[in-house]
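Written out below as structure tokens is the structure these notes cover.
The values are calculated or read from the model by the stated rules, or taken from the named source; none is laboratory data. Everything numeric in this text was worked out from a predicted model, so none of it was measured. Don't worry about glycine lacking a Cβ; one is built from the backbone with ideal geometry, like all the others, and counts go over all protein chains shown. Ligands, DNA and RNA are stripped out before the accessible areas are found, and what is left, the full protein with its side chains, is counted by its heavy atoms. Shrake-Rupley method; radii C 1.70, N 1.55, O 1.52, S 1.80 Å.
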Amino acid sequence: MIPSSFNSAQVKRLNVEIIKQALKATGSATKASLAAMTNLSIATCGTILNELTASGEVFEHDAEPSSGGRPAKLYWFNADYARVLCVIVRSENGIDSLQTAVANLVGERSDEESFIVEGVLNDDFLSDWIGNKLQTLDGVRAIGIGIPGVAHEGIIGICDTAGLAGKSLGPRLQAEYGLDTTISNDMNLTVYGMYHQQQFEEERPFAVVTFPRGHFPGAGFIAGGRILNGYTDFGGEVSYLPFAGLTRDEQLAKLRTPDGFLAIAVQTLTSIIAIFNPASIAVTGDAVDPSLESALRDGCLRNIPEAHMPELIVQADTRLEYMSGLTTSTLESLTYRLQSIDKF
């Protein structure tokens, strides 16, 4: 039920979003079937469908076959009405690269490319590259960027890509190109992509921890189908756990040795299990050897009762899941949600 404090314009925008989401889910529908699915009146559905058809967001289909009487019109969602530009920033072994894609409104990706950045990858480089890319594309309504670091309200803090640390990239891109721009942590996006691709039950909390070679580990968490970012988007920065008094440089050095890696990985997983109690936890990253699954589980069970040990998934490569999470998150930035309901 929508609280009475919301005005009619907000209610109208929410109803429009409900109709669009229903059409995305079903492919095509009549006014009557949409009314049944959404609990909106046929008149309300008709008014909204007329507006969406006029704007091009929805198409009228051929009439349904009918044995008599006036045939009902079918409507379907125009997935190509708008698109989003997705950019993943990577910093691996001292090499900066970009992985990019364009997605339509149902997440179908095209124009996918990956390339190593020659020179410095900083906010100037990204702004210029995005500007040039937008000149070749039509209908882009939002930009989504995944980074190996922390971003809060579009302002980047800690980041493995040194040229982006401390930069107000989100506000800059929004000012320069007039497009909604979201910047998110790589782990939050990876956990979101894995969650949706594996179709976990919404009530089952899920976590992903990654161990990239040459960098600090990070984590992402899903609860109730939602990413848990934390108050300042610092959630998941597990490299700041107190690893037996190790400095950050000592921690990084220890991660490069087999015994040191296992010890830190077990302590990280144990901490997450004790605090978050996930149903499943995925261990990812190019520093992870799948043969370690048993050792990781046994290490956790030294402190975690078996009844509370989550399902352990070891998957080194999560590039597809990362892009899937970024695509989904960027598309969601285009949807209208009443903030007093959506905020948590």
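Sorting check: for 135-143, 186-194, which peptide has the highest mean count of neighbouring beta carbons within 10 Å, and how do the rest follow?
Numbers: 135-143: 14.0, 186-194: 27.6.
Packing order, densest peptide first, comes out as 186-194, 135-143.
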- request: Beyond 31 Å between alpha-carbons counts as too far, so tell me which of Lys20/Lys133; Lys31/Lys133; Lys12/Lys133 fall in that bin.
  value: Lys31/Lys133; Lys12/Lys133
- prompt: Considering the values (i) 76, 51, 40; (ii) 58, 49, 38; (iii) 69, 66, 44, which represents Cα extents along the principal axes in Å as calculated for the structure under consideration?
  reply: (i)
task: Before anything else, pin down the relative contact order of the chain: Cα pairs under 8 Å, at least 6 apart, normalised by residue count, whole percent.
output: 14
- prompt: With charges only on Cβ, +1 for K and R and -1 for D and E, what is the dipole size of region 69-168 about its Cα centre, in debye, rounded to 20?
  reply: 700
- line: Among Ala223, Ala295, Ala287, the residue with the largest mean-square fluctuation in a Gaussian network model of the chain built from Cα contacts under 10 Å is Ala295
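Using DSSP to call loops (not H, G, I, E or B), can you name the trypsin sites (Lys or Arg not before Pro) in region 253-344 whose Cβ has at most 11 other Cβ atoms within 10 angstrom?
Details: sites: Lys254, Arg256, Arg297, Arg302, Arg319, Arg337, Lys343; in loops: Arg256, Arg302, Arg337, Lys343.
In loop regions of region 253-344 (DSSP not H, G, I, E or B), the sparsely surrounded trypsin sites (Lys or Arg not before Pro) are Arg256, Arg302, Lys343.
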query: ³J(HN,Hα) across region 252-266 via Karplus (A = 6.51, B = -1.76, C = 1.60, θ = phi - 60°), whole Hz, x for Gly/Pro?
result: 5, 5, 5, 5, 7, 9, x, 5, x, 4, 4, 5, 5, 4, 5
query: To the nearest 20 debye, what is the magnitude of the charge dipole of the chain about its Cα centre, counting +1 on the Cβ of each Lys and Arg and -1 on the Cβ of each Asp and Glu?
result: 940
message: If I compute solvent accessible area with a 1.4 Å probe over the protein chains, what percent of it on region 49-168 is carbon and sulfur?
response: 45
field: Relative packing of peptides 324-332, 10-18, 85-93 - highest average C-beta neighbours within 10 Å first
entry: 324-332, 85-93, 10-18
- line: Once the dipole of region 108-221 is set up from charges on Cβ (+1 Lys and Arg, -1 Asp and Glu), the residue from the list Val209, Met194, Ala142 lying farthest towards its positive end is Val209
